[in-house]
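The values are calculated or read from the model by the stated rules, or taken from the named source; none is laboratory data. Here the structure is a predicted model, which is why all the values come from computation and not from measurement. Counting neighbours? That spans all protein chains shown, and the Cβs are built from the backbone with ideal geometry, glycine included.
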(Lines give C-alpha, C1' and ligand atoms only; values in the text may rest on other atoms or scores of the structure.)
Protein backbone atom coordinates (compact mmCIF):
# COMPACT_ATOMS: atom_id res chain seq x y z
CA UNK A 1 0.00 0.00 0.00
CA UNK A 2 1.31 3.42 -0.98
CA UNK A 3 0.71 6.85 0.50
CA UNK A 4 2.03 10.34 -0.22
CA UNK A 5 3.99 12.60 2.09
CA UNK A 6 5.00 16.23 1.66
CA UNK A 7 7.79 17.34 3.99
CA UNK A 8 8.10 21.14 4.08
CA UNK A 9 7.72 21.36 0.29
CA UNK A 10 8.08 24.77 -1.37
CA UNK A 11 7.84 25.56 -5.08
CA UNK A 12 8.74 28.93 -6.61
CA UNK A 13 8.72 30.31 -10.15
CA UNK A 14 10.55 33.17 -11.80
CA UNK A 15 14.18 33.68 -12.65
CA UNK A 16 15.13 34.21 -9.03
CA UNK A 17 12.29 32.25 -7.45
CA UNK A 18 10.42 35.41 -6.54
CA UNK A 19 6.94 33.96 -7.11
CA UNK A 20 6.00 31.38 -4.45
CA UNK A 21 3.48 28.84 -5.73
CA UNK A 22 3.65 26.47 -2.76
CA UNK A 23 4.90 27.47 0.68
CA UNK A 24 6.24 24.93 3.20
CA UNK A 25 3.62 22.23 2.68
CA UNK A 26 3.52 19.46 5.28
CA UNK A 27 0.81 16.93 4.45
CA UNK A 28 0.36 13.16 4.53
CA UNK A 29 -2.05 11.17 2.36
CA UNK A 30 -2.53 7.82 4.06
CA UNK A 31 -2.43 4.56 2.06
CA UNK A 32 -5.82 4.01 0.41
CA UNK A 33 -7.05 7.49 1.31
CA UNK A 34 -8.74 10.04 -0.95
CA UNK A 35 -7.33 13.46 -0.11
CA UNK A 36 -8.95 16.45 -1.83
CA UNK A 37 -6.91 19.61 -2.28
CA UNK A 38 -9.55 22.34 -2.22
CA UNK A 39 -8.99 26.03 -2.79
CA UNK A 40 -9.43 28.98 -5.15
CA UNK A 41 -7.35 29.57 -8.27
CA UNK A 42 -3.74 30.30 -7.37
CA UNK A 43 -3.96 28.61 -3.97
CA UNK A 44 -1.19 26.09 -4.71
CA UNK A 45 -3.29 22.94 -5.01
CA UNK A 46 -2.31 22.06 -8.61
CA UNK A 47 1.34 22.90 -7.88
CA UNK A 48 1.26 20.39 -5.00
CA UNK A 49 -0.13 17.70 -7.33
CA UNK A 50 2.47 18.49 -9.99
CA UNK A 51 5.21 18.16 -7.37
CA UNK A 52 4.01 14.61 -6.69
CA UNK A 53 3.85 13.87 -10.43
CA UNK A 54 7.38 15.18 -10.97
CA UNK A 55 6.38 18.00 -13.33
CA UNK A 56 7.76 20.69 -11.01
CA UNK A 57 10.82 20.51 -8.79
CA UNK A 58 10.61 21.85 -5.22
CA UNK A 59 13.09 24.54 -4.22
CA UNK A 60 13.07 22.96 -0.76
CA UNK A 61 11.55 20.00 1.04
CA UNK A 62 10.94 16.42 -0.05
CA UNK A 63 8.14 14.39 -1.61
CA UNK A 64 7.65 10.73 -0.68
CA UNK A 65 5.53 8.06 -2.35
CA UNK A 66 5.30 5.32 0.21
CA UNK A 67 8.74 5.16 1.77
CA UNK A 68 10.50 6.28 -1.43
CA UNK A 69 11.90 9.76 -1.66
CA UNK A 70 10.86 10.66 -5.23
CA UNK A 71 11.84 14.34 -5.13
CA UNK A 72 14.55 13.92 -7.75
CA UNK A 73 12.97 11.15 -9.83
CA UNK A 74 11.51 11.75 -13.32
CA UNK A 75 7.74 11.24 -13.68
CA UNK A 76 7.97 7.86 -15.46
CA UNK A 77 9.81 6.31 -12.51
CA UNK A 78 7.25 7.30 -9.87
CA UNK A 79 4.61 4.62 -10.56
CA UNK A 80 1.69 7.02 -10.60
CA UNK A 81 -1.47 7.37 -12.69
CA UNK A 82 -2.72 10.84 -13.60
CA UNK A 83 -5.95 12.24 -15.05
CA UNK A 84 -6.23 15.88 -16.14
CA UNK A 85 -9.30 17.97 -16.96
CA UNK A 86 -8.86 17.95 -20.75
CA UNK A 87 -8.56 14.12 -21.01
CA UNK A 88 -5.35 14.24 -23.14
CA UNK A 89 -6.41 11.32 -25.33
CA UNK A 90 -4.66 10.66 -28.63
CA UNK A 91 -7.24 11.41 -31.37
CA UNK A 92 -5.67 9.01 -33.91
CA UNK A 93 -5.80 6.05 -31.51
CA UNK A 94 -8.80 3.92 -30.67
CA UNK A 95 -9.93 3.64 -27.06
CA UNK A 96 -8.07 0.37 -26.43
CA UNK A 97 -4.89 1.81 -27.93
CA UNK A 98 -5.16 4.91 -25.73
CA UNK A 99 -5.51 2.77 -22.62
CA UNK A 100 -2.60 0.55 -23.68
CA UNK A 101 -0.31 3.51 -24.33
CA UNK A 102 0.75 3.91 -20.71
CA UNK A 103 1.54 0.21 -20.43
CA UNK A 104 3.70 0.26 -23.55
CA UNK A 105 5.44 3.46 -22.51
CA UNK A 106 6.36 2.26 -19.03
CA UNK A 107 10.05 2.26 -18.29
CA UNK A 108 12.16 2.21 -15.14
CA UNK A 109 12.46 -0.76 -12.81
CA UNK A 110 11.70 -4.29 -13.96
CA UNK A 111 8.75 -4.39 -11.56
CA UNK A 112 7.09 -1.64 -13.54
CA UNK A 113 7.41 -3.27 -16.94
CA UNK A 114 4.52 -5.19 -18.47
CA UNK A 115 5.00 -7.97 -21.00
CA UNK A 116 3.39 -7.62 -24.41
CA UNK A 117 1.14 -10.60 -23.70
CA UNK A 118 -0.26 -8.97 -20.54
CA UNK A 119 -1.34 -5.74 -22.20
CA UNK A 120 -4.69 -6.85 -23.74
CA UNK A 121 -5.84 -8.33 -20.42
CA UNK A 122 -4.81 -5.18 -18.53
CA UNK A 123 -6.61 -2.97 -21.05
CA UNK A 124 -9.76 -5.08 -20.86
CA UNK A 125 -9.68 -5.02 -17.06
CA UNK A 126 -9.35 -1.21 -16.94
CA UNK A 127 -12.11 -0.66 -19.51
CA UNK A 128 -14.41 -3.06 -17.69
CA UNK A 129 -13.78 -1.27 -14.42
CA UNK A 130 -14.74 2.09 -15.94
CA UNK A 131 -17.71 0.76 -17.92
CA UNK A 132 -16.07 1.38 -21.30
CA UNK A 133 -15.43 -2.18 -22.52
CA UNK A 134 -18.06 -1.86 -25.27
CA UNK A 135 -16.28 1.19 -26.72
CA UNK A 136 -12.79 -0.30 -27.07
CA UNK A 137 -12.67 0.13 -30.87
CA UNK A 138 -14.05 3.67 -31.04
CA UNK A 139 -12.04 6.83 -31.54
CA UNK A 140 -12.17 9.65 -28.96
CA UNK A 141 -14.15 11.85 -31.37
CA UNK A 142 -16.93 9.25 -31.30
CA UNK A 143 -17.34 9.55 -27.51
CA UNK A 144 -19.08 12.03 -25.24
CA UNK A 145 -17.09 14.12 -22.78
CA UNK A 146 -17.98 11.83 -19.92
CA UNK A 147 -16.95 8.75 -21.91
CA UNK A 148 -13.63 10.36 -22.84
CA UNK A 149 -12.97 11.05 -19.19
CA UNK A 150 -13.70 7.41 -18.35
CA UNK A 151 -11.12 6.37 -20.94
CA UNK A 152 -8.57 8.73 -19.41
CA UNK A 153 -9.25 7.17 -16.00
CA UNK A 154 -8.98 3.66 -17.49
CA UNK A 155 -5.58 4.56 -18.97
CA UNK A 156 -4.38 5.75 -15.57
CA UNK A 157 -5.67 2.61 -13.83
CA UNK A 158 -4.25 0.18 -16.40
CA UNK A 159 -0.73 0.57 -15.01
CA UNK A 160 -2.08 -0.40 -11.55
CA UNK A 161 -0.65 2.65 -9.82
CA UNK A 162 -0.20 2.92 -6.08
CA UNK A 163 -1.04 6.63 -6.40
CA UNK A 164 -3.70 8.22 -8.61
CA UNK A 165 -3.57 11.97 -9.25
CA UNK A 166 -6.76 13.69 -10.43
CA UNK A 167 -6.41 17.31 -11.54
CA UNK A 168 -9.86 18.95 -11.88
CA UNK A 169 -11.03 15.82 -13.75
CA UNK A 170 -14.70 16.82 -13.95
CA UNK A 171 -14.47 20.56 -14.60
CA UNK A 172 -15.03 20.20 -18.37
CA UNK A 173 -18.27 18.23 -17.89
CA UNK A 174 -21.79 19.59 -17.57
CA UNK A 175 -23.64 19.30 -14.25
CA UNK A 176 -25.47 16.06 -15.03
CA UNK A 177 -22.37 14.28 -16.34
CA UNK A 178 -20.37 15.56 -13.37
CA UNK A 179 -22.86 14.05 -10.95
CA UNK A 180 -22.68 10.69 -12.71
CA UNK A 181 -18.88 10.71 -12.78
CA UNK A 182 -18.75 11.54 -9.06
CA UNK A 183 -20.71 8.37 -8.40
CA UNK A 184 -18.36 6.39 -10.68
CA UNK A 185 -15.26 7.74 -8.93
CA UNK A 186 -16.75 6.84 -5.56
CA UNK A 187 -17.40 3.32 -6.83
CA UNK A 188 -13.85 3.01 -8.19
CA UNK A 189 -12.48 4.07 -4.82
CA UNK A 190 -14.42 1.27 -3.15
CA UNK A 191 -13.08 -1.23 -5.68
CA UNK A 192 -9.48 0.00 -5.34
CA UNK A 193 -9.03 0.36 -1.57
CA UNK A 194 -5.22 0.20 -1.77
CA UNK A 195 -4.82 3.16 -4.17
CA UNK A 196 -4.05 6.57 -2.63
CA UNK A 197 -5.84 9.36 -4.49
CA UNK A 198 -4.88 13.04 -4.52
CA UNK A 199 -7.83 14.96 -5.97
CA UNK A 200 -7.45 18.62 -6.94
CA UNK A 201 -10.65 20.66 -7.20
CA UNK A 202 -12.16 24.07 -6.53
CA UNK A 203 -15.61 22.48 -6.33
CA UNK A 204 -16.66 21.95 -2.72
CA UNK A 205 -19.38 19.42 -3.67
CA UNK A 206 -16.79 17.16 -5.31
CA UNK A 207 -14.53 17.41 -2.27
CA UNK A 208 -17.34 16.76 0.22
CA UNK A 209 -18.65 13.83 -1.83
CA UNK A 210 -15.43 11.95 -2.55
CA UNK A 211 -12.78 12.80 0.00
CA UNK A 212 -11.86 10.99 3.19
CA UNK A 213 -10.11 14.21 4.18
CA UNK A 214 -9.89 17.69 2.67
CA UNK A 215 -6.82 19.93 2.68
CA UNK A 216 -7.91 23.56 2.32
CA UNK A 217 -5.38 25.70 0.42
CA UNK A 218 -5.13 29.47 0.11
CA UNK A 219 -2.35 31.73 -1.21
CA UNK A 220 0.16 28.89 -1.56
CA UNK A 221 -0.31 27.60 1.99
CA UNK A 222 -2.21 24.83 3.72
CA UNK A 223 -4.87 26.52 5.87
CA UNK A 224 -6.79 23.57 7.30
CA UNK A 225 -7.15 19.81 7.02
CA UNK A 226 -9.77 17.40 8.29
CA UNK A 227 -12.66 15.15 7.36
CA UNK A 228 -15.48 16.70 5.32
CA UNK A 229 -17.77 16.49 8.35
CA UNK A 230 -15.22 18.23 10.62
CA UNK A 231 -14.57 21.07 8.20
CA UNK A 232 -18.24 21.59 7.39
CA UNK A 233 -19.80 21.23 10.82
CA UNK A 234 -16.99 22.60 13.03
CA UNK A 235 -14.67 24.75 10.89
CA UNK A 236 -11.61 26.13 12.65
CA UNK A 237 -11.03 29.23 10.53
CA UNK A 238 -13.11 31.83 8.76
CA UNK A 239 -11.58 30.89 5.41
CA UNK A 240 -12.53 27.23 5.88
CA UNK A 241 -16.06 28.20 6.93
CA UNK A 242 -16.58 30.34 3.84
CA UNK A 243 -14.91 28.03 1.31
CA UNK A 244 -16.12 24.60 2.48
CA UNK A 245 -19.85 25.02 2.01
CA UNK A 246 -21.61 28.33 2.44
CA UNK A 247 -21.72 30.23 5.71
CA UNK A 248 -23.12 33.21 7.54
CA UNK A 249 -20.22 34.96 9.27
CA UNK A 250 -21.29 37.55 11.84
CA UNK A 251 -19.08 39.70 14.11
CA UNK A 252 -19.85 39.11 17.79
CA UNK A 253 -18.46 39.88 21.24
CA UNK A 254 -18.03 36.86 23.50
CA UNK A 255 -19.58 36.74 26.97
CA UNK A 256 -20.06 33.93 29.48
CA UNK A 257 -22.09 31.30 27.60
CA UNK A 258 -23.49 33.82 25.11
CA UNK A 259 -22.43 36.35 22.50
CA UNK A 260 -23.73 39.78 21.59
CA UNK A 261 -24.55 40.70 18.02
CA UNK A 262 -25.87 44.22 17.54
CA UNK A 263 -28.46 44.59 20.27
CA UNK A 264 -29.17 40.87 20.63
CA UNK A 265 -27.79 38.31 23.08
CA UNK A 266 -27.34 34.91 21.40
CA UNK A 267 -26.88 31.59 23.18
CA UNK A 268 -24.02 29.56 21.70
CA UNK A 269 -21.13 27.50 23.02
CA UNK A 270 -18.23 29.79 23.95
CA UNK A 271 -15.75 27.04 24.88
CA UNK A 272 -13.45 27.79 21.95
CA UNK A 273 -13.07 31.55 22.48
CA UNK A 274 -12.11 33.54 25.63
CA UNK A 275 -14.75 35.76 27.21
CA UNK A 276 -14.51 39.46 26.44
CA UNK A 277 -12.95 39.03 22.99
CA UNK A 278 -14.21 39.64 19.47
CA UNK A 279 -15.08 36.58 17.41
CA UNK A 280 -16.91 35.42 14.30
CA UNK A 281 -20.14 33.48 14.61
CA UNK A 282 -20.59 30.89 11.85
CA UNK A 283 -23.93 29.28 11.01
CA UNK A 284 -24.83 27.49 7.79
CA UNK A 285 -27.76 28.93 5.76
CA UNK A 286 -29.75 25.67 5.78
CA UNK A 287 -29.72 25.78 9.60
CA UNK A 288 -31.35 29.22 9.70
CA UNK A 289 -35.13 29.13 10.02
CA UNK A 290 -37.86 31.72 9.48
CA UNK A 291 -40.21 32.73 12.29
CA UNK A 292 -40.06 32.41 16.06
CA UNK A 293 -37.34 30.27 17.59
CA UNK A 294 -34.13 30.32 19.60
CA UNK A 295 -31.54 33.01 18.84
CA UNK A 296 -34.11 35.11 16.99
CA UNK A 297 -32.97 38.09 14.91
CA UNK A 298 -35.26 40.67 13.33
CA UNK A 299 -34.43 41.95 9.87
CA UNK A 300 -35.61 43.07 6.44
CA UNK A 301 -35.75 41.00 3.25
CA UNK A 302 -33.05 42.29 0.86
CA UNK A 303 -33.23 39.57 -1.80
CA UNK A 304 -35.18 36.39 -2.58
CA UNK A 305 -33.84 33.63 -4.83
CA UNK A 306 -35.94 30.66 -5.93
CA UNK A 307 -33.75 27.54 -6.24
CA UNK A 308 -36.31 24.88 -7.07
CA UNK A 309 -36.75 22.89 -3.86
CA UNK A 310 -35.66 25.84 -1.71
CA UNK A 311 -35.75 29.58 -1.42
CA UNK A 312 -32.59 31.48 -0.49
CA UNK A 313 -33.55 34.51 1.57
CA UNK A 314 -31.13 37.36 2.21
CA UNK A 315 -32.09 39.26 5.35
CA UNK A 316 -30.47 42.52 6.44
CA UNK A 317 -29.89 42.39 10.20
CA UNK A 318 -28.11 45.33 11.85
CA UNK A 319 -26.23 46.12 8.64
CA UNK A 320 -25.23 42.49 7.99
CA UNK A 321 -26.75 40.13 5.45
CA UNK A 322 -27.97 36.80 6.85
CA UNK A 323 -28.65 33.97 4.41
CA UNK A 324 -31.44 31.46 5.08
CA UNK A 325 -32.12 28.41 2.89
CA UNK A 326 -35.70 27.27 3.53
CA UNK A 327 -38.01 24.79 1.83
CA UNK A 328 -39.82 26.28 -1.15
CA UNK A 329 -42.35 28.80 0.13
CA UNK A 330 -45.80 29.03 -1.43
CA UNK A 331 -45.92 32.70 -0.53
CA UNK A 332 -42.35 33.95 -0.48
CA UNK A 333 -41.71 37.26 1.30
CA UNK A 334 -41.14 40.33 -0.81
CA UNK A 335 -38.33 42.87 -0.76
CA UNK A 336 -38.61 45.14 2.25
CA UNK A 337 -40.75 42.74 4.32
CA UNK A 338 -39.77 42.42 7.95
CA UNK A 339 -39.03 38.84 9.07
CA UNK A 340 -37.53 36.98 12.00
CA UNK A 341 -34.75 34.46 11.46
CA UNK A 342 -33.46 32.04 14.09
CA UNK A 343 -31.00 29.20 14.66
CA UNK A 344 -30.37 26.58 17.34
CA UNK A 345 -27.45 27.15 19.75
CA UNK A 346 -25.85 23.83 18.77
CA UNK A 347 -25.84 24.80 15.08
CA UNK A 348 -23.50 27.78 15.54
CA UNK A 349 -19.69 27.74 15.79
CA UNK A 350 -17.48 30.50 17.15
CA UNK A 351 -14.27 31.30 15.30
CA UNK A 352 -11.50 33.31 16.95
CA UNK A 353 -11.10 36.82 15.55
CA UNK A 354 -13.55 39.20 13.91
CA UNK A 355 -15.01 38.96 10.42
CA UNK A 356 -12.47 39.98 7.78
CA UNK A 357 -14.74 39.81 4.74
CA UNK A 358 -17.93 38.39 3.31
task = Report, by residue number, each residue of segment 230-247 that is touching a residue at least 40 places away in the same chain (Cβ under 8 Å), under 19 Å from residue 344 (Cβ atoms) and part of a loop (DSSP other than H, G, I, E, B).
result = 234, 235, 245, 246
message = Just the residues that are surrounded by fewer than 14 Cβ atoms within 10 Å (Cβ to Cβ) and in contact (Cβ under 8 Å) with a residue 24 or more places away in the chain, please, taken from segment 248-267.
response = 263
query = Which one of these does residue 215 not meet: (1) closer than 29 Å to residue 268 by Cβ; (2) surrounded by fewer than 20 Cβ atoms within 10 Å (Cβ to Cβ)?
reply = (2)
ask   = Before we move on, is residue 332 assigned to a loop (DSSP other than H, G, I, E, B) and not assigned by TED's automatic domain parsing to the domain that holds residue 205?
value = yes
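Here is a yes/no grid of residues against (1) touching a residue at least 12 places away in the same chain (Cβ under 8 Å); (2) over 10 Å from the mean Cα position of the chain (by Cα):
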site: 170; (1), (2): yes, yes
site: 175; (1), (2): no, yes
site: 189; (1), (2): yes, yes
site: 193; (1), (2): yes, yes
site: 197; (1), (2): yes, yes
site: 201; (1), (2): yes, no
site: 207; (1), (2): yes, no
site: 210; (1), (2): yes, no
site: 213; (1), (2): yes, no
query = When residues of segment 72-96 are filtered for being buried (at least 17 other Cβ atoms within 10 Å of the Cβ) and part of a helix (DSSP H, G or I), how many remain?
reply = 2
Test: residue in segment 67-82 that is over 20 Å from residue 157 (Cα atoms), touching a residue at least 24 places away in the same chain (Cβ under 8 Å) and in the same structural domain as residue 143 (by TED's automatic domain parsing) = no
ask   = Of all residues in segment 336-353 being exposed (fewer than 15 other Cβ atoms within 10 Å of the Cβ) and assigned to a loop (DSSP other than H, G, I, E, B), which is modelled with the lowest pLDDT?
value = 353
Residue that is surrounded by the most Cβ atoms within 10 Å (Cβ to Cβ), among those in segment 268-284 that are assigned to a loop (DSSP other than H, G, I, E, B) and either in contact (Cβ under 8 Å) with a residue 60 or more places away in the chain or in the same structural domain as residue 225 (by TED's automatic domain parsing) (or both) = 268
inquiry  = Filter segment 177-187 down to the residues that are under 24 Å from residue 136 (Cβ atoms) and without any contact (Cβ under 8 Å) to a residue 12 or more places away in the chain and list them by number.
reply    = 183, 187
remark   = Those residues of segment 24-71 which are assigned to a strand (DSSP E or B), out of contact with any helix residue (DSSP H, G or I) (no Cβ under 8 Å at 6 or more places or on another chain) and surrounded by fewer than 19 Cβ atoms within 10 Å (Cβ to Cβ) amount to 24, 26, 28, 60, 61, 62, 64, 68, 69
ask   = From the list 104, 141, 122, 155, which one is in a helix (DSSP H, G or I), modelled with pLDDT of 90 or more and surrounded by fewer than 16 Cβ atoms within 10 Å (Cβ to Cβ)?
value = 141
